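Student: Before I ask anything, let me first share the structure, which is written out below as structure tokens.
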Amino acid sequence: MIVMNTKLPLILLLLFSLIALPACLALSSSRETEVDPELMTCKHQCRQQQQYTERDKQKCMERCDGYYKKKLKEREMEQKECEEGGYEENRFVFGNKQFKTRVQTENGRVRVLQKFTAKSNLLRGIENFRLAILEAQQHSFVSPLHFDSELIIFTVKGRATIGLVKGDKTEKFNLETGDVIRVPSGTPFYIVNRDENEKLILANLHITASIPGHFEAFYGPGGRDPESVLEAFSWDVLEASIKVHKESLKWLFGRQNRGSIFRISREQVKSLSKGWEIPSLWPFGGQKRGPFNLFKSKSSVSNDYGRLYEAGPEDQGSLEDLTLMINFADITNGSMSAPMYNSKAIKIGIVTNGTGRFEMVTPHLSGKQQRKSSPRYERVSGELRPGVVFVVPAGHPWVTMAHRQSNLQILCFEVNARGNVKLAFAGKRNIVKAMDEKAKELAFNWPAEKVDDIFSRKEEFFFPGPQNLEDDEEELPHRADA
Amino acid sequence: MIVMNTKLPLILLLLFSLIALPACLALSSSRETEVDPELMTCKHQCRQQQQYTERDKQKCMERCDGYYKKKLKEREMEQKECEEGGYEENRFVFGNKQFKTRVQTENGRVRVLQKFTAKSNLLRGIENFRLAILEAQQHSFVSPLHFDSELIIFTVKGRATIGLVKGDKTEKFNLETGDVIRVPSGTPFYIVNRDENEKLILANLHITASIPGHFEAFYGPGGRDPESVLEAFSWDVLEASIKVHKESLKWLFGRQNRGSIFRISREQVKSLSKGWEIPSLWPFGGQKRGPFNLFKSKSSVSNDYGRLYEAGPEDQGSLEDLTLMINFADITNGSMSAPMYNSKAIKIGIVTNGTGRFEMVTPHLSGKQQRKSSPRYERVSGELRPGVVFVVPAGHPWVTMAHRQSNLQILCFEVNARGNVKLAFAGKRNIVKAMDEKAKELAFNWPAEKVDDIFSRKEEFFFPGPQNLEDDEEELPHRADA
Amino acid sequence: MIVMNTKLPLILLLLFSLIALPACLALSSSRETEVDPELMTCKHQCRQQQQYTERDKQKCMERCDGYYKKKLKEREMEQKECEEGGYEENRFVFGNKQFKTRVQTENGRVRVLQKFTAKSNLLRGIENFRLAILEAQQHSFVSPLHFDSELIIFTVKGRATIGLVKGDKTEKFNLETGDVIRVPSGTPFYIVNRDENEKLILANLHITASIPGHFEAFYGPGGRDPESVLEAFSWDVLEASIKVHKESLKWLFGRQNRGSIFRISREQVKSLSKGWEIPSLWPFGGQKRGPFNLFKSKSSVSNDYGRLYEAGPEDQGSLEDLTLMINFADITNGSMSAPMYNSKAIKIGIVTNGTGRFEMVTPHLSGKQQRKSSPRYERVSGELRPGVVFVVPAGHPWVTMAHRQSNLQILCFEVNARGNVKLAFAGKRNIVKAMDEKAKELAFNWPAEKVDDIFSRKEEFFFPGPQNLEDDEEELPHRADA
């Protein structure tokens, strides 16, 4: 279990997840000078745990401090974003403002990121993909619905049960953090947050087809709220097709008024979670079904500075099918990913935890090219905090860096991933080292062995980040003859 | 033979098919009060049939009445459409006004439906598809041509011979009502209406590629009318390539002036229809060729209220290839199809016979969403009569209903059909029944057994329609506790 | 070796390739009356060759004349194009003006054709394809870079070495005229013109994906010019990821200032060309790698009037992969290709050598259709000279004709080529002959045997062109009864 790598009592998670953050509104500026009541409550809870030894209590309180600092950092960044007009001008990084709330009830909400092509045509390659974040409070029920799009669900946080109507029965699966499940287009399904305390957060990737870039939700069962699609038919049509008198139908469709996400009882949760199936294998092969846990696969890269978990299509028989890879980067606090690029894939990254920074290099797109000999590049950067989305087109080098407060965790959907490779500019395997000597020498106008000396670091994929380096800056080698 | 299920003498068909209907123009409003001369002629013909017994004659005259009423209904609806501005504002239903006549000769015409994206981007998913209706009078010849698009031909009515130039010879096939044939992009072909009396009606689906949403006709052989594409080359190019003096070529290209669809003699028809090949298997598999009759396959659904015939791609080796399904619904007069939706496919329906009504539910597209808890839906509806086209995007529930005058027959092309399933909201198998008890109870806010009781009807796919129900409305059960 | 079919000493090629042609600027109009100094130099060089016999010298001087005439013709046509506003209004033929120089150094340049959709939506079917021409002077080096697009390289002229970084090493291949190699998206590569005298010309087809219709170059190694993409990252990011002090990095990235294409020494060329791998099989199958020579495959068509070399995808396991065919037509001087069309493919033709004319027939696109019986066609034509690009959509008949001065050589990329066939209107196999008798008779309104008589020429695919025919015009048969 990766995301939850500090085993803080669930109550703490609950506590901090209650700090609802209205986007771009009054954030108390006095927070840092006074002792925060939330922090006090957290520590108080630690002291109250009777089964804890004194050492346990001490550790617990330290975690309170850590979590508090992290939350504070996130809030600051959100506020900064709000005050500075946020990512408004940035075509590759999306913050709160670019999400629109589609569903909002007392017990949950669904926020949908604007179309990637909303502001520029640069992201037309992922026009068919839409990203949505579902949040459901503890013990809540998301009413049965179907979408006119394929849906890939990643469990960011929490414990859910999902029921999918297939043929004449309902298949149920339990979802834990890290679980991925595919809901085929048109499949009716419902979701239960079966946890008594923790909020459920799902990252949903919609792959649209019928109406490119658009997806719609259709609630079949329902009433007044959620409104049942059936109600939009004429009464004579409903009477004839359901074969029941219209007054009975009106009665039926007048019952439900709790909204599309509502709270249910412990008994109802228990009853709904019963009979779920044992998760089988990765659903991307077509034949297999049920969720797959990304974190239970062997991580493809792992060192002190981070870990990368990957899952993708291997040998799909059908080309029409997805060519999607899912990966999850867990970057150790204070560390960074190597500057690298995807050879073919377009990356859609969603920060699920922690804060940090994103930098990407893109050819200079606006204004005139100043010299004809070669293109000029510019830097796109953005602050990362939970919920921020960034897109990296194929070929574009990028880095992500974790602040020191906590690990930075990023869920990535990589589109057009068949045959994709990641190529790095630094680390054990990098394209400068792989280049033959003479070419390297000519390209840098500098002797190959000296270039190699500069690009000789041993770590791979994840490195200590800029902040760590600042501490021991004096140790940085001056390798060239400068 | 499904379409022609009343065996009226061909002469009647001929008679009524001659009632040419100029779109939105003078339709006599006195028709219902006076005895129509066409009806009189029809009945007169019945009485004249010497081989008929008295009973036959009586039946024949009854059929005249039936056909006449049906025609009248169609005309009324056409007029209604004309007067009310028709489907102008409807982005999912298309009538006469949305067809443009591309070819018009004394002996036939080709009408092409506007691009599906002409009025809104909602149908961009089927942008590459274009629908055309070819009508050719008895014993007529459609000059050889090729298209820059794949072409799927469905024989709505009549008896044709089609000749396809493949390699160094011409393959000929006979087409009957219900026959489907694929003409690969660029293949030169001609069509003969080999019937002496009956009009030939073909529904042509063009799958465009070279210029998305556009297809063009290229007449190779020809002259002044149809103009041969060759004539547009320079004379020196033609002389050099054909190796014949320009005066001879001018002579040759000056011969044909009968238009692209013209009448031919009985002998010419006979000669052209000679040597056709035995229809083999379904052409969608790639290897097989020739037409396939949709009605000779086992109908996938059949009961008193309707029948559904289907054919589609099973295991195509090539993904580039079509992912198209063709089906044909024959809805018994006064009956309806169940409210259902396609999980993935976009349906393009063309009414080939009868009249009725169409209802579809779509998320409320215009204006502001009024509450955030769940989407609101609106009804799209349209009157159905021969020639009306409707589109149902994936996930959108719809019903079609037949008036009592006659069966309603609908040809459907379903695009993006690989892995598509139809899911119904009512009938023997429906998604409400398939949902597990507790979820159903929560979704409707009503005990599961009572919901089940409401959704318990036994028929499947086709039901008695609203009009039938009106008669015995008192019998409709009041199943809920209302 | 096809392109270089006259074995003129390399020095001559060099001489004439130096005649730089500023587009649409002062071209001396006196050239034809005076003896051109370039021609004199050429002939002088012939006389100086000590190893030549007198006959060799004579032949050499004749080749000077031939080459000179050819160059002159090209210049005239370029000037004509310039003066007349060129192909500005033509949506299917592109000349110099439609190319934009992206890279220009003393030692080479890269010119990129505008997007095919720049002026009209008619070519949306090839929107994802972009064409670029790379020219590199003798003994020059194209700095390592990667693209965010698939790249197909065709060696128009010259001798190159290409180095591709794959995994942790660099694979090197030698390229000769006619060699085709695929550089997968994102692969870093460099190019060397290893010839001491001859210019290298490559035709590059970019298949864009990440940003449709856009591709970008990313130079990893580099400095100030070409600018390294790495430099656009923050210094703290670079320091941390490369683990070297920023002053050293600044030094490193300050070294290179020779541009992206620069001259290198004979020794450097030798060193770079060392260790190249034996070209293996056609790279389109996916497994095989390295270049493939188009001219070493059996030509699919060959007669006195021309030859066609073809290579394309046969049985690709993956459908996502390219469905591209490459062919090369070498039309004998004074000859032409038959009027024909592609059944499915869209052709992108690039003239690599010689001059000539292009004619294509397209349905009348602008203005109202004048009669409803059949479409009208119009001719699109263009003068062909090296560098001119033309596009032929599927279904559209076209011809290409070589002037008498030299063979006309055309490289074609055919997009959407799976299952494509070429259908001709004249020659041994043509669609008029293949049509059955009665249909032909009806279509032309003329007896079948007389039509056949007209379409009876025996040659196939390549014919004597219009100019040749002019000489013996009296011999042209008057075959019809005109």
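The values are calculated or read from the model by the stated rules, or taken from the named source; none is laboratory data. These numbers were taken from a predicted model, which means no experiment stands behind them. Positions of Cβ are backbone-derived with ideal geometry, glycine not excepted, and every protein chain shown enters the neighbour counts.
Student: Go through the stretch B:184-227 and give me each residue that's within 18 Å of C:Lys438 (Cα to Cα), in contact (Cβ under 8 Å) with a residue 60 or more places away in the chain and more than 24 Å from the chain's Cα centre (by Cα).
Tutor: Hits for the stretch B:184-227 are B:Tyr219, B:Gly220, B:Pro221, B:Gly222, B:Pro226.
Student: Inspect the stretch C:142-149 for any residue being surrounded by fewer than 21 Cβ atoms within 10 Å (Cβ to Cβ) and not acidic (Asp, Glu) and give the result as yes or no. If you could, list the steps in order and put the result at the bottom.
Tutor: Residues of the stretch C:142-149 surrounded by fewer than 21 Cβ atoms within 10 Å (Cβ to Cβ): none.
No, the stretch C:142-149 has no match at all.
Student: Checking A:Val180 against (1) more than 20 Å from the chain's Cα centre (by Cα); (2) crowded, with 21+ Cβ neighbours inside 10 Å: exactly one of these is not met. Which one?
Tutor: In the conditions (1) more than 20 Å from the chain's Cα centre (by Cα); (2) crowded, with 21+ Cβ neighbours inside 10 Å, A:Val180 misses (1) alone.
Student: Regarding B:Glu89, is this residue farther than 17 Å from B:Gly387 by Cα, modelled with pLDDT of 50 or more, surrounded by fewer than 19 Cβ atoms within 10 Å (Cβ to Cβ) and in the same structural domain as B:Ala132 (by TED's automatic domain parsing)? Spell out the reasoning first.
Tutor: Details: farther than 17 Å from B:Gly387 by Cα: yes; modelled with pLDDT of 50 or more: yes; surrounded by fewer than 19 Cβ atoms within 10 Å (Cβ to Cβ): yes; in the same structural domain as B:Ala132 (by TED's automatic domain parsing): no.
When the stated conditions are applied, B:Glu89 does not pass them.
Student: Right, here's the next one. Taking the stretch C:174-187 on its own, how many of its residues are over 20 Å from A:Asn430 (Cα atoms) and in a loop (DSSP other than H, G, I, E, B)? Give the derivation first.
Tutor: Of the residues in the stretch C:174-187, the ones over 20 Å from A:Asn430 (Cα atoms) are C:174-182.
Those left that are additionally in a loop (DSSP other than H, G, I, E, B): C:176-178.
Number of matching residues: 3.
Student: Still on this structure: Among the residues of the stretch B:254-272 satisfying the criterion of being in a helix (DSSP H, G or I) and of a type in the set (A, V, I, L, M, F, W, C), which is farthest from B:Glu106 (Cα to Cα)? Even if it seems obvious, please write down each step before you answer.
Tutor: Here is the first cut: in the stretch B:254-272, the residues in a helix (DSSP H, G or I) are B:266-272.
Within this subset, residues satisfying the condition of being of a type in the set (A, V, I, L, M, F, W, C) are B:269, B:272.
Values: B:Val269: 18, B:Leu272: 21 Å.
Restricting to residues being in a helix (DSSP H, G or I) and of a type in the set (A, V, I, L, M, F, W, C), the top hit is B:Leu272.
Student: Something else about it: Right, A:Ser373: at pLDDT below 90, in contact with a strand residue (DSSP E or B) (Cβ under 6 Å, 6 or more places away or on another chain) and among the hydroxyl-bearing types (Ser, Thr, Tyr) or not? Show your work before the answer.
Tutor: Details: at pLDDT below 90: yes; in contact with a strand residue (DSSP E or B) (Cβ under 6 Å, 6 or more places away or on another chain): yes; among the hydroxyl-bearing types (Ser, Thr, Tyr): yes.
Yes, satisfied.
Student: Right, here's the next one. Which of the residues belonging to the stretch C:193-236 are among the β-branched types (Val, Ile, Thr) and within 16 Å of C:Val103 (Cβ to Cβ)?
Tutor: Restricting attention to the stretch C:193-236, the residues satisfying the condition of being among the β-branched types (Val, Ile, Thr) are C:201, C:207-208, C:211, C:229.
If the condition is that a residue be among the β-branched types (Val, Ile, Thr) and within 16 Å of C:Val103 (Cβ to Cβ), then C:Ile201, C:Val229 are the ones that fit.
Student: Identify the residue in the stretch C:238-269 that is surrounded by fewer than 18 Cβ atoms within 10 Å (Cβ to Cβ) and among the acidic types (Asp, Glu) and, among all such residues, is nearest to A:Pro339 (Cα to Cα).
Tutor: C:Glu247
Student: Is the stretch B:149-166 home to any residue that is outside any strand (DSSP E or B) and under 24 Å from B:Val380 (Cα atoms)?
Tutor: Here is the first cut: in the stretch B:149-166, the ones outside any strand (DSSP E or B) are B:158-159.
If we keep only those that are under 24 Å from B:Val380 (Cα atoms) as well, we get none.
Checked the stretch B:149-166: no residue is outside any strand (DSSP E or B) and under 24 Å from B:Val380 (Cα atoms).
Student: Among the residues of the stretch C:457-466, what is the count of those that are touching a Phe, Trp or Tyr at 6+ places or on another chain (Cβ under 8 Å) and not in a loop (DSSP other than H, G, I, E, B)?
Tutor: The number of residues fulfilling the criteria is 3.
Student: Within the stretch C:204-258, can you find the residues that are more than 7 Å from chain A (Cβ to nearest Cβ) and under 30 Å from C:Gly349 (Cβ atoms)?
Tutor: Passing the criteria: C:Asn204, C:Leu205, C:His206, C:Ile207, C:Thr208, C:Gly213, C:His214, C:Phe215.
Student: Only one residue in A:Arg418, A:Arg404 is at the interface with chain C (Cβ under 8 Å from one of its Cβ atoms), in contact (Cβ under 8 Å) with a residue 12 or more places away in the chain and of a type in the set (D, E, K, R). Which one?
Tutor: On inspection, the qualifying residue turns out to be A:Arg418.
Student: Still on this model: Identify, please: which residue in the stretch A:188-211 is among the small types (Gly, Ala, Ser) and assigned to a loop (DSSP other than H, G, I, E, B) and is, among those, farthest from B:Phe425 (Cα to Cα)?
Tutor: From the stretch A:188-211, those among the small types (Gly, Ala, Ser) are A:203, A:209-210; that's our starting set.
From what is left, the residues that are assigned to a loop (DSSP other than H, G, I, E, B) are A:209-210.
Details: A:Ala209: 23, A:Ser210: 21 Å.
Only one residue fits best here, namely A:Ala209.
Student: Right, something else. Go through (1) in contact with an Asp or Glu (Cβ under 6 Å, 6 or more places away or on another chain); (2) aliphatic (A, V, I, L, M); (3) assigned to a strand (DSSP E or B) and name the single condition B:Val237 misses.
Tutor: Just one mismatch for B:Val237, condition (3).
Student: Let me ask something else. Given (1) surrounded by 18 or more Cβ atoms within 10 Å (Cβ to Cβ); (2) of a type in the set (Gly, Ala, Ser); (3) modelled with pLDDT under 95, identify the lone condition not met by B:Ala402.
Tutor: (3)
Student: Name the helices (runs of 4 or more DSSP H) wholly within the stretch A:392-456 that hold at least 3 residues that are of a type outside the set (A, V, I, L, M, F, W, C)? Write out each step before concluding.
Tutor: On the way: elements: A:431-434, A:437-444, A:448-454.
Where helices (runs of 4 or more DSSP H) fall fully within the stretch A:392-456 and carry at least 3 residues being of a type outside the set (A, V, I, L, M, F, W, C), they are A:437-444, A:448-454.
Student: Here is a check on your reading of the model: is A:Val451 surrounded by fewer than 24 Cβ atoms within 10 Å (Cβ to Cβ), of a type in the set (Val, Ile, Thr) and at negative phi? First the steps, then the outcome.
Tutor: Values: surrounded by fewer than 24 Cβ atoms within 10 Å (Cβ to Cβ): no; of a type in the set (Val, Ile, Thr): yes; at negative phi: yes.
The answer is no for A:Val451.
Student: Out of the stretch A:208-237, which residues are of a type in the set (A, V, I, L, M), surrounded by fewer than 24 Cβ atoms within 10 Å (Cβ to Cβ) and closer than 18 Å to A:Arg255 by Cα?
Tutor: Correct list: A:Ala232 only.
Student: Just the residues that are at the interface with chain B (Cβ under 8 Å from one of its Cβ atoms) and either at pLDDT 90 or above or surrounded by fewer than 20 Cβ atoms within 10 Å (Cβ to Cβ) (or both), please, taken from the stretch C:321-341. Steps first, answer last, please.
Tutor: Let us first name the residues in the stretch C:321-341 that are at the interface with chain B (Cβ under 8 Å from one of its Cβ atoms), namely C:323, C:336, C:338-339, C:341.
Within the stretch C:321-341, C:Met336, C:Ala338, C:Pro339, C:Tyr341 meet the criteria.
Yes/no matrix, rows are residues, columns are (1) within 21 Å of A:Ser234 (Cα to Cα); (2) acidic (Asp, Glu):
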residue: B:Leu423; (1), (2): yes, no
residue: B:Ala426; (1), (2): yes, no
residue: B:Asn430; (1), (2): yes, no
residue: B:Lys433; (1), (2): no, no
residue: B:Glu441; (1), (2): no, yes
residue: B:Asn445; (1), (2): no, no
residue: B:Asp452; (1), (2): no, yes
residue: B:Phe461; (1), (2): yes, no
residue: B:Pro466; (1), (2): yes, no
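Student: Just for the stretch C:342-361: of the residues that are touching a Gly at 6+ places or on another chain (Cβ under 7 Å) and over 15 Å from C:Ile326 (Cα atoms), which one is farthest from the other protein chains (Cβ to nearest Cβ)?
Tutor: C:Phe358
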